[in-house]
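In what follows, a single structure is set out as C-alpha cells and then discussed.
The values are calculated or read from the model by the stated rules, or taken from the named source; none is laboratory data. Remember, predicted model here, so these are calculated numbers, not experimental data. Neighbour counts run over all protein chains shown; Cβ positions are idealised from the backbone, glycine included. These area figures cover heavy atoms from the full protein model, side chains too; ligands, DNA and RNA do not enter into them. Shrake-Rupley method; radii C 1.70, N 1.55, O 1.52, S 1.80 Å.
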Amino acid sequence: MRGGIFIIFLTTCLTLFPHPLHGGVPYTGSISPGFEGTQMNYINNNGIFLESNSSAFGFGFITTPVSVTLFTLSIIHKPTSRLIWSANRASPVSNSDKLQFQSNGAIVLRREEGGEAEVWRLDNANKNASRMELRDSGNLVVVSGDDGASIWESFDHPTDTLITNQAFKENMKLTSNPSSNNMTYSLEIKSGDMLLSVDSSTPQAYWSMGNDRGRIIEKNGVVTSSSLLGNSWRFFDEKQSLLWQFVYSDNKDDNATWIAVLGNNGVISFSNLGSGVSAADSSTKIPSDQCATPEPCGSYYSCSGSKVCGCVSGLSRVRSDCKSGIDTSLCDNKKDNNASSPVELVNAGDGVDYFALEFASPFSKKTTLDSCKEFCSTNCSCLGLFFRNSSGDCFLFDWIGSFKSSGSGGSGLVSYIKVATNGLGGGDNGDDGDGTHFPYIVIIVLATVFIIGCLIFVAFRIHRRTRTKTSISEEGGCTSSGPSDCNSENYLSAQKKKKQEKQEAMRMFFSVLLASLLIFFPHPLHAGVPYNGSISPGFEGARVNYINNDGIFLESINRDFGFGFVTTPDDVTLFTLSIIHKSSSRLIWSANRASPVSNSDKLQFQANGAIVLRREEGGGSEVWRLDNANKNASRMELRDSGNLVVVSGDDGASIWESFGHPTDTLITNQVFKQGMKLTSNASYSSNMTYSLEIKSGDMFLSVNSLTPQVYWSMRSDRGRIIDKYGGVVTSSSLLGNSWQFFDDKQSLLWQFMISSDNRDDDNATWIAVLKNNGVISFTRLLSGVSAADDSLTKIPNDQCATPESCDPYFFCSVSKVCQCVSGFSSAQSDCKTGITSPCKKTNNNATLSVKLVNAGESVDYFALGFASPFTNHTTLDSCKEYCNSKCSCLGLFFQNSSGNCFLFDWIGSFKSIGSGGSGFISYIKVATNDLGVKNNGDDDGKQFPYIVIIIVFVAIFIICLLIFAFCRIHRRTKAQNVDWDMEEGEGVDVMNDERVQRAMKTAFWCIQEDMHLRPSMSKVVQMLEGVFPVLQPPYYTRLELRSINEEGGGGTSSSISHSQLSGPR
C-alpha cells in the first residue's frame, strides 16, 4: 500500500516538473545534449541554470529592465548582476518558453505559445557538439566531442559588452540597446582604426581611437584586434604586436576583471567587476566630451559646455518646436493625398558644428554653396548640409542628430537644414504650414485686451446706472419738507433697491476680475499651499503657482525640508528644481543645475509614473526626466532626512532616491558609495568643475580638465583619527561630527573629524558641500534664526592645494599670496600662454607657433602627488620633445632623481615650495605669435522674456487703474445723492438751477388738462435726463385754475381734481 502511494506521488512529480530532482539547482561548468529548461524550472535560482566552475558567472533567463515578466537568455556576472552577453535582446521570452539542447547539437530557444516559434537558434547540427561550457572567463563555448575544439563562442559574437581577455577583432561589432529615439550605436574595428558610429540610414561615425588624445602608446601599424587587459585597452596588429594603449583607470591591478559597455546613449563606460556586490565604475568615458555623441540633446538642438541644450538659432526662428516637420519613412515626401510636401533650406545659424564632419567623406568637392544647396534640395533623403568655404567641400546627411557649439572661433562651415513649409510633414510640428512661430504672444495680447475691455464695460454700466438713479432720486424720495419724508415707505424702499443694485454691480465687477485671475493663475485655490509628505501621479505645478511659498510645493512631514522651484544665485527670474533645508535655505540636491527654468515651466508627475520638468515655450521640450514608466510609481515622498524618494505601489519599495544621485552636497546619514560622484558648480573664472569620488579604495578630489587631475585624497590626509589597514573603502557617511569610511561589509576603516565642537551630539545634521573653488566645507543645519553653523574644517586644509587657488600659471604661497611664476613673467607680461585651442588651427588656417618656457625655481604643482608619469627613466630633452610633439600638452614637469616625465593638458595654479625646491623642473608651452583665439564673450542666444513681463505689468497697471476709476465713480455718485440737501443747506439758489427748472417744466407738461399734451413715461425719463429738449409748457394762473374748477361743476376747492389731472380711466 505504502509503495503504491509513493509510486503515484513520484509519477505526479514527474508529470508536473520535467526535472524534479534538479529543480532550482543549476549545473556547474557545462550542460549536455538533451537538456531542456525554462525560467520557471529555475525560478529559485533567479533563472540561472548553468554556472561557471568559479560560480562568478551564470547563464540563464534574466529579467529585462522593461518588464519583470519578460526574460533574455543571458550571461551575467553573478555578484554584480552585470550582463556580459545576450542571445535574444530584441525578442524577450516568457517564463514558460524553453531552451533545448537537441541531440543533433542544435541549441534552440522556443516559444511555447504561437506554434512553438523559434526565437533564437545556434545550429551545430553535424558538428558533433558534445557539451556547452560556461568558462571562468565568462565565455560560453560549444565544444566538439571529436577533439574538444570550440565550435562556437559567445566571445566571438559580442552584444554591447566586452570583458577582460576577450579579443575584439575586425568584422565583429558591438551594438547598443536602442535609445529613447530608437537609435542604436555600433563599435567596430575597420581600416586600421576602431570607430564608434550611430546606426542611421547611412551610419555616421563620431569617435575613433586613432583621433583620441588619451592614448599613451602610439606605434605605426594597422590595428586588427583589441583586448581589455589590466587597467587599459590595448590594440594589436595581425602579429599581436602592441600598437596603442588607452588607460581607463588608475587601478593597476593586472588581475582585475573589467568590462566595457556601449550604452544606449552612445557612450562607452568601464566598470571593475571586482569581488564585491557592486561594480566600481571608472570616471573615464568614451568619448570624454559630453557633446561629442550624436544625441546628447535632441535632434536639431545644439549642445554646449556641460551638456547645455538649446535649439539652433536658425531653426528656432522658423519652427517653434525645433523640428523639421519632414517624414523620411518614404523618400517621396508625399502624404495619403499624394500631395508633394514643399520644403526649404534654412540656415542653422553661426557657431554650429556637427559630430560627424571629422569622419564623413564629402558628397562633392571644390563646389559652390549654391550647388551644394541644389544637391540637397534634389536629394529626397538629404535632411541637412554643411559647406566648408575654405575647401568647397559639400557634406550631405540623411539623418541629423545634435549639433555642437563651435565656440566663438566658429567652425568654418555653413550649415543648412531642410524644413517642411506646410502641414504635410510627418513630424508633429504643431504650427502653421510655413513653419513660422505660432503667434502665442498675439493671443496673450488679445486675451489681455479682451479682459480689460470687459472691465471697462462693467465700469461703464455701473456709472450709467448710478447716473440714472441720481437723476430720478426725487421720485418717492426725501424732500426738504422735513425728516418725516425721509422715513417714508417709498423712500426707504427706493434706497433698499438702490443698495441691492449697487451690490449686484459690485458682484459683476469682481466676477470679471476673478475670471481674469483664473486665466493668469491656473491653481488659485492651491496657490502657495504646499503638499506635506508626498505627491501622487497627476500632480502638475509651476513656480508661479506656489509663488507665495517661495516656489516650494512639497514639504517633509517635519517641515525641515522643502522641494520646489528655487531661485538661482545669478538670476532671480531663473529657477532650479531643488531640495532645500528651509530654515537655512541651504541646497541639498538639484535636478537641473545646468538648465534652469522660468516661473511658468512645469513639473509633471505623469500617470505612467514618469516625472518630467518641461518648458512651456519652445514646443514643451524636456529639461529633466525621471523615467519610472512601467514601474508602478505610486507617489513621490520627501522624507524627514531630506531624501526625495519615488515609491512603488506594489510593495512600497524605493524606485529612485535623490540620495543615490547626489549633486554637490552630502547630508548626514546619506551613503556615498563607489560609482557615485559629487560634482561642483562651474567656477566663475574658468568654468571648470570639480569632482569627489570613491575609487580604488580611496576617496579623491579632482578637477574635471580634459584629463582629470587629482589634487587630494583621504588616504593622504593627516586629519584621520581612525586608520585601519587591510580593508578597501567602498562607502562613506556623515555621522555625528565626523566623516566615517567603511568597507563592503560596513566595517569602519577611517574616521575624519569635521568639527571639534558638539562632540557628543550624535543627532546633529551636517552637510558637506563641494564648492566651485574645489574646496569641501562643512555646515551644521539648525532650526532657529541662525539656521546654519559653518565649521572651520576644510578639505583640503591648505589654501594653496586646490587647482585654482590663484589664476592659471600664477603660483600660490603662504596665506594665498598670488603672483606669476618667475620664469613665465619674464616671457609673458600678462602671465598668459596665448593658447586657447592647442590642437586646432587658427581662423586663417595658420599653425600656432609655440615654445617651452622654464617656469622657474621652487615651483611645485598640485597634481604631481597623484599623477602617473607619461614616461619613466627618460631625459629632460626627451620629455620636452614629448610635450612639443603632443599638441594637447600645455606644460611638463621633469623629476631629475627618477627621470619621470609628467605631461598635463590643462594647467592650473602652481604652488610655492620654498627655498628647498621641489625636485622638479617645469616648462610651460607659450604661443610665440598673436594667432591665439580669444573668447568674444558672446552669450548662448537665450533672450530675457521682456515682452512677457511688459504685458503682465501693463495688464496689472490697467486693472488697478480701472479699480481706482470705479472707486472714484462710486464715491462721486454717492455724493450726488445728497446734492439736494447740501445745496439747500449751503444757501444755493435752487430755483435758478437748470436741473430744477427742467424738472418743473416736465412736471407742468405732466399735469396738462388735455391728456394728449401729456408726454409718455419713456419721454419723461428722456426729458429728465436731458436727452429730449423740454419746451416751455402752457400753464395757468391760480385765478384761471379756479374758473376752470367752477365751470367744471362748482366746489370751492382751488385745486384741480385727480380725475382732471389723470384724465379718463
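Remarks
- Some residue of the range 786-797 being at pLDDT below 70, crowded, with 16+ Cβ neighbours inside 10 Å and within 21 Å of Ala768 (Cβ to Cβ): yes
- Qualifying positions in the range 173-193 - open to solvent by less than 40 Å² (accessible area, probe 1.4 Å), of a type outside the set (S, T, N, Q) and touching an Asp or Glu at 6+ places or on another chain (Cβ under 7 Å): Leu174, Met183, Tyr185, Ile189
- Single unsatisfied condition, Val222 versus (1) touching a Pro at 6+ places or on another chain (Cβ under 8 Å); (2) assigned to a loop (DSSP other than H, G, I, E, B); (3) at pLDDT 90 or above: (1)
- Search result, residues across the range 677-728 that are among the β-branched types (Val, Ile, Thr) and either closer than 17 Å to Ile776 by Cα or within 32 Å of the chain's Cα centre (by Cα) (or both): Thr679, Thr689, Ile694, Val703, Thr707, Val710
- The range 527-585: number of residues that are touching a residue at least 60 places away in the same chain (Cβ under 8 Å) and surrounded by 17 or more Cβ atoms within 10 Å (Cβ to Cβ): 17
- Here Tyr440 meets each of (1) more than 29 Å from Ser180 (Cβ to Cβ); (2) out of contact with any Lys or Arg (no Cβ under 9 Å at 6 or more places or on another chain); (3) at pLDDT below 90 with one exception, condition (1).
- Considering the range 818-869, the residues that are at pLDDT 75 or above and aromatic (Phe, Trp, Tyr) include one that is most open to solvent (accessible area, probe 1.4 Å), namely Phe866.
- Residues located in the range 388-437, provided they are open to solvent by less than 10 Å² (accessible area, probe 1.4 Å) and at pLDDT 50 or above: Gly392, Cys394, Phe395, Ile400, Gly401, Ser402, Phe403, Ser415, Ile417, Lys418, Val419, Ala420
- Candidates Val769, Val729 - the one that is modelled with pLDDT of 90 or more, within 20 Å of Ala280 (Cα to Cα) and of a type in the set (A, V, I, L, M): Val729
- The range 635-671 - residue that is small (Gly, Ala, Ser) and in contact with a strand residue (DSSP E or B) (Cβ under 6 Å, 6 or more places away or on another chain) and, of those, nearest to Val66 (Cα to Cα): Ser648
- Residue check, Asp717 in contact with a Lys or Arg (Cβ under 6 Å, 6 or more places away or on another chain) and surrounded by fewer than 19 Cβ atoms within 10 Å (Cβ to Cβ): no
- Every condition in (1) open to solvent by 20 Å² or more (accessible area, probe 1.4 Å); (2) at pLDDT 90 or above; (3) part of a loop (DSSP other than H, G, I, E, B) holds for Phe700 except the one numbered (3).
- Within the range 77-94, considering residues that are more than 18 Å from Phe270 (Cβ to Cβ) and outside any loop (DSSP other than H, G, I, E, B), the one nearest to the chain's Cα centre (by Cα): Ser86
- Pairs meeting the criteria (first residue in the range 179-194 and of a type in the set (A, V, I, L, M, F, W, C), second residue open to solvent by 30 Å² or more (accessible area, probe 1.4 Å), beta carbons under 6 Å, at least 6 apart or on different chains) are Ile189/Glu170.
- When residues of the range 315-354 are limited to those that are outside any loop (DSSP other than H, G, I, E, B) and at pLDDT below 75, the one surrounded by the fewest Cβ atoms within 10 Å (Cβ to Cβ): Ser340
- Residues satisfying the stated conditions in the range 61-86, i.e. modelled with pLDDT of 95 or more and small (Gly, Ala, Ser): Ser74, Ser86
- Against the numbered list (1) open to solvent by less than 80 Å² (accessible area, probe 1.4 Å); (2) part of a loop (DSSP other than H, G, I, E, B); (3) at pLDDT 80 or above, Leu1031 comes up short only at (1).
- Of everything listed in (1) in contact with a strand residue (DSSP E or B) (Cβ under 8 Å, 6 or more places away or on another chain); (2) surrounded by fewer than 18 Cβ atoms within 10 Å (Cβ to Cβ); (3) of a type outside the set (D, E, K, R); (4) within 30 Å of Pro869 (Cβ to Cβ), the single unmet condition for Gly263 is (4).
- Restricting attention to the range 355-387 and to residues that are under 28 Å from Gly325 (Cβ atoms) and open to solvent by 80 Å² or more (accessible area, probe 1.4 Å), the residue that is nearest to the chain's Cα centre (by Cα) turns out to be Phe363.
- Every test in (1) in contact with a Leu (Cβ under 6 Å, 6 or more places away or on another chain); (2) closer than 21 Å to Asn592 by Cβ is passed by Gly727 save one, and that test is (2).
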